[in-house]
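See below for the structure under consideration.
Nothing in this text is a laboratory measurement; each read-out follows from the coordinates by a stated rule. This one's a predicted model, so the numbers in the text were calculated from it and none came from an experiment. Using ideal geometry, Cβ is built from the backbone for each residue, glycine included, and neighbour counts are taken over all protein chains shown.
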Amino acid sequence: MKIFLRLCGPLERYGGHGINEISLQNSIKASQLLSELQIPSSLKVLIVVNGVKVTGDYNLQAGDIVVLFPPVSGG
Amino acid sequence: MKLSLDISRCIGCKLCQIACSAEKEGVYQPTAARLQIEKIYTMQGLETKVAICTQCLDCVEVCPTEAIKYENGMLTYSEEECTGCNECADACPQGVIVVKADTVGICDSCGGSPECVNWCPHGALTFGCREGGGVG
Amino acid sequence: MKGYIGKVLRIDLNNLTSSVESLNLLWAEKYIGGKGLAMKYIYEELPPKVDPLSPKNKMILMTGPLTGTAVPCSGKLTIAAKSPATNTILDCSIGGHIAGEIKYAGYDAIIIEGKAEKPVYLHIENSKVELKSAGNLWGKGTHETEFFLKATCGPEVKVLAIGPAGENMVPMACITSELYRQAGRGGIGAVMGSKNLKAIVVKGTNGVKVADPKQLTARAKEIMKKDTLSDDNLWAYTDGTPIIVELSNSTGVLPTRNFQQGTFDGFDKIHAEAVKAVRKDKKGCLSCGLGCGNYVNTGQSVVEGPEYETLSIGGSNCGIDDLEAIVEFNKLCDDLGLDTISTGNTIAFAMELTEKGIKDFNLKFGDVKGYLKATKNIANKETELALGVKGLSEKYGGKEFAMQVKGLEFPGYEPRGSWGMGLAYATSDRGACHTRAWPIADEAYGDMDPFTIEGKAELVVGLQHYNAAKFSTILCDFWALSLETVAELLTLVTGKQYTEKDLKIIGERIVNLARMFNIREGFDAKDDRLPQRIYKEALKTGATAEKLLPEEEFNKMLREYYQIRGWDSEGKPTGEKLDELAI
């Protein structure tokens, strides 16, 4: 199955700029996607799927648009 | 071997100057640094004003006592031989020689590992044999 | 203590004189510098109930022990006074290079008192201090003022200036430096204007000495590389605050149409990618490797910005999805000397008053022309919008959707989508403010449930202490570092041993001192309230659809907050608490 991934800010270093199509063998959890991208687990990443915030337990579906945000501070 | 600045990577934080003054003078004082880099708004927009040692060697040329020498691709300076005449500072086209009470401060590339380069957060300042050197 | 210069420059505008005195080091031990120390001076030097726009108000420019050193992100300056927008104590924070310059000129602080008979500017060059006529600059924008002063006093000087808004004492007037950096909130620019002080020009060529320069330089370098320039902070460099637009929209906390919604259809026209598409360069403050400033050029207009607050409050909240228009609004505000947050809110409020038929200001959500015209009119005091949201609501109604606390308009975060944020707005020392505590990072943008009061009082209290301490050293809020690291750096700078615990106590002391000032001015628990819209009107779209922050839940959270703080039910610090904190 295919999903679409966009990494924001400094997270681009884990998978490039813009929207990238990613092929997955089977449905995995969002948290597994993060580890496959080698994003350190210590980093507090906010996961948004199809415009809605989800937890790492979310099971990715074909066609999902996943956006990952780095932690921000200060406002 | 000389300093180069890639303007497109410079954010004007002045950590280079702070680091230089800390290393050379033991105080945090950007005006006492042996380089001056500033991002400044002018009527034309955001501009980067840069003064770094280009190793033109004018200082070596004018030094009456050979206190400043050019060796192994770097400048060296001997405080003992310096008479404090400031002719080097007057001759420096970049204006990066710091005038002190009886001596001067010369960019000696920190002996090959310049602190300004070590501190530069985004690799705007580099040190090496890059062709042309200077500012780009 | 090292790290301080030990000197305060006092300017008496009544007599156009200046004097130099010692910094009160006993106070510095208890309040560090920046926010805390400026507040202590304000608390001690202002008589109660002073009219903020009278000569009796004072303006204090305060640096901190870290200012001018190699510590990353230490380039900020505190400017404090009593606020004409809120009548509370007010401290603002401004970036750029002015803070370091003041310290290099040989002062920890500048205290400005009285009022000049005619417009003047203050010119400081190390120990040389002069007050000069600013007659020719009065009425000019901050940009022209800064260019003129650099042409007159030298290109290397640093400048703080007000625009027409400050001169006209508009309660949302700010102070500008380097064209696009602001001490923005609470009408600090109006205080400067009330003193007939157009600008402050500083050139400093001295150095700052610290207790252990070798060790500090080494540690600062290490910390910068490993901590500052890490994935936790680099958003500030890669994107800057516009990254928050999409984050807020995804979590339903992006203020839209005067806080009627938490999502905005046109968010993707004003988010980070849109800003980056017109970005030409980056600019940072003194000693900051993060360089959050985006220098953009849309072809029509140029600005360093727009920041998230401007994109949200001056964008979605006004129904504007035209980035070019927001950039123009941003530039106008910076040049006229207006805070984009309060200005954007006031225009949005007037748009809703018009929409609801309460009062016709001939303004509509999304109307770019009207919005830009209103901005100019506010600065020139040619419209009642110059009253601000609170003033307008008192005159024409709509108090239930007047998005302000104590007279300060809301920043760009929807409290119905992060309940702790509501508490942060209600209890902040200067009215609705996001920089005293930013719990939304843990709520909507983090792991905590945003729609509960559980744990929020404790969270807000902790963050208020953290920020108060950090803003007193002074470090920028964009660098997420531990208080342990702050303590380590502060110890190397001052030579006095600081621990994380010390900083928490100092933070708490500062929060309580600010509270005591506000109580002296007549504030109490009834002022720690949010507008009715937050309690009663559910949001309609996105992640916050159907959500509100029920009043009884808010009250419970507020009571818990007072309890944790050791304040009574009126929100007053108890005698025991004040003794414990040695206030």
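Observations on the structure shown:
- Note on chain A: Cα-Cα pairs beyond 17 Å make up 37% of the total pair count.
- Straight-distance crosslink candidates among aspartates and glutamates, where the alpha carbon sits under 15 Å from C:Lys30 and sequence neighbours closer than 8 are dropped: C:Glu44, C:Glu500, C:Asp502, C:Glu508, C:Asp579, C:Glu580
- Cα gyration tensor, the range C:171-242 - rounded (a/c under 1.5), prolate or oblate: oblate
- As a proxy for reagent exposure, ranking C:Ser482, C:Ser393 by other Cβ atoms within 10 Å from fewest up yields C:Ser482, C:Ser393.
- With Cα atoms, 0 to 90° folded angle of helix B:15-25 axis to chain B main axis: 20 degrees
- Summed over qualifying helices (DSSP H, 4 residues or more, each -39500 (n - 2.57)) and divided by its residue number, chain C shows a 222 nm mean residue ellipticity of -11000 deg cm²/dmol.
- Spin-label model, C:Lys214/B:Lys69: points 7 Å from Cα along the beta carbon direction are separated by 2.7 nm.
- A Cβ-based charge dipole, computed about the Cα centre of the range C:193-314 with Lys and Arg at +1 and Asp and Glu at -1, lands at about 780 debye.
- Residue pairs exceeding 26 angstrom between C-alpha atoms, taken from C:Lys456/C:Lys501; C:Lys470/C:Lys540; A:Lys29/C:Lys226: C:Lys470/C:Lys540; A:Lys29/C:Lys226.
- Using 0.36 nm per residue and subtracting the Cα-Cα separation, the extra length available between C:Glu500 and C:Gln532 on full extension is 7.7 nm.
- Contact order relative to length of the range C:50-175, as percent, for alpha carbon pairs under 8 angstrom and 6 or more apart: 20 percent
- Taking C:Leu290, C:Leu323 and counting other C-beta atoms within 10 Å, the order from fewest to most: C:Leu323, C:Leu290
- Relative contact order, whole percent, for chain C stands at 16, derived from Cα pairs under 8 Å and 6 or more residues apart.
- Rounded, prolate or oblate (a/c below 1.5 giving rounded, otherwise prolate when a/b exceeds b/c) for the range C:1-54 by Cα gyration tensor: oblate
- Simple spin-label estimate for B:Asp90 and B:Ile7 in nanometres, 7 Å along Cα-Cβ: 3.2 nm
- Residues of type aspartates and glutamates that C:Lys280 reaches as a straight line, Cα spacing below 18 Å, ignoring anything fewer than 8 places off in the same chain: B:Asp6, B:Glu38, B:Glu47, C:Glu178, C:Asp239, C:Glu304, C:Glu307, C:Glu324, C:Glu328
- Cα→Cβ-extended label distance, 7 Å offset, between C:Glu580 and C:Asp227, nm: 2.8 nm
- If only the Cβ of Lys and Arg carry +1 and only the Cβ of Asp and Glu carry -1, the dipole of the protein assembly as shown around its Cα centre is close to 1280 debye.
- Lysine pairs in the range C:61-191 whose alpha-carbon atoms fall under 22 angstrom of each other, counting only those eight or more residues apart or on distinct chains, come to 23.
- Note on C:Arg559/C:Ile519: beta-carbon distance plugged into 1/(1 + (r/R0)^6) with R0 of 22 Å gives a FRET efficiency of 0.80.
- Span-like helix check, chain C: qualifying full DSSP H segments, with Cα axial length of 24 Å or more and mean Kyte-Doolittle of -1.0 or more, are C:500-520.
- Radius of gyration (Cα atoms) of the protein assembly as shown, expressed as a multiple of 2.2 N^0.38 Å: 0.94.
- Three-way shape call for chain C based on the alpha-carbon gyration tensor, with the a/c threshold at 1.5: rounded
- The smallest convex shape that holds all Cα atoms of chain B, its convex hull, gives 112 Å³ per residue.
- GluC sites (Glu not before Pro) within the range C:410-483, DSSP loop, no more than 15 other Cβ atoms inside 10 Å: C:Glu454
- Cysteine residues of chain B whose Cβ has no partner cysteine Cβ closer than 4.7 Å: B:Cys10, B:Cys13, B:Cys20, B:Cys56, B:Cys63, B:Cys82, B:Cys85, B:Cys92, B:Cys110, B:Cys120, B:Cys129.
- Ordering C:Cys333, B:Cys85 from the fewest to the most neighbouring beta carbons within 10 Å gives B:Cys85, C:Cys333.
- Debye log10 I(q)/I(0) for the range C:456-544, one point scatterer per Cα, at q = 0.18, 0.20, 0.22, 0.24 Å⁻¹: -0.89, -0.97, -1.06, -1.16
- Pairs of lysine residues in the range B:2-126 - Cα separation under 22 Å, sequence separation of 8 or more or cross-chain: 13
- Rg to Rh, two decimals, where the range C:7-203 supplies the alpha carbon set and Rh follows Kirkwood: 0.93
- C:Lys395/C:Ser22 FRET efficiency (R0 45 Å; Cβ-Cβ; nearest 0.05): 0.40
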